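Worksheet for the structure shown next.
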Amino acid sequence: MRISEESPKELSWEGQELHHCVGGYADRMAKGETAIFSTRRMDKPDKPFYTLELKRQRVVQCRTTHNKSYELEPEVKAFVD
């Protein structure tokens with residue numbers, strides 16, 4: 001699910017749930033500078049799993065709780081790559 005530009009509250013909530021700084025990206029999204037995607041596990045669709053940032057069709061960062069990188073989990077790394 002792509003978090004919409006119209007819903008900065010969603011970004012804030014995602015950041016609170018995962019304890020990282022995505023909540024501060026609302027302005028960048030609204031300006032079209034970046035795109036933020038929230039990933040979920042199929043068995044937990046209402047719980048954030050990873051937050052992915054794309055710029056110019058490239059993954060800039062992908063973080064989970066407490067800013068841990070996706071590269072630490074082979075399953076997630078394979079999905080993102």
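The values are calculated or read from the model by the stated rules, or taken from the named source; none is laboratory data. Please read these numbers as outputs of a predicted model, since none were measured by experiment. As a convention, Cβ positions derive from the backbone with ideal geometry for all residues, glycine included, and neighbour counts pool all protein chains shown. Surface areas here come from the heavy atoms of the whole protein model, side chains and all, with no ligands, DNA or RNA. Shrake-Rupley method; radii C 1.70, N 1.55, O 1.52, S 1.80 Å.
Below are the figures for this structure:
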quantity: Solvent-accessible area per residue for the chain (1.4 angstrom probe, square angstrom); calculated: 69 Å²
quantity: Farthest positive-ward along the chain dipole, Cα basis, beta-carbon charges - from 30, 19, 45; calculated: 30
quantity: Under 20 Å from residue 44, Cα to Cα: aspartates and glutamates that are on another chain or at least 8 residues apart; calculated: 10, 14, 17, 73, 75
quantity: Surface share of carbon and sulfur [accessible, 1.4 angstrom probe, percent] for the chain; calculated: 50 percent
quantity: About the Cα centre, charge dipole magnitude for the chain (Lys/Arg +1, Asp/Glu -1 at Cβ), debye; calculated: 140 debye
quantity: Correct option for Cα extents along the principal axes in Å [calculated from the coordinates] among (i) 37, 25, 18; (ii) 50, 33, 26; (iii) 33, 26, 21; calculated: (iii)
quantity: Phi to ³J(HN,Hα) by Karplus 6.51 cos²θ - 1.76 cosθ + 1.60 over the stretch 33-41, Hz, x for Gly, Pro; calculated: 6, 8, 10, 10, 10, 9, 9, 10, 7
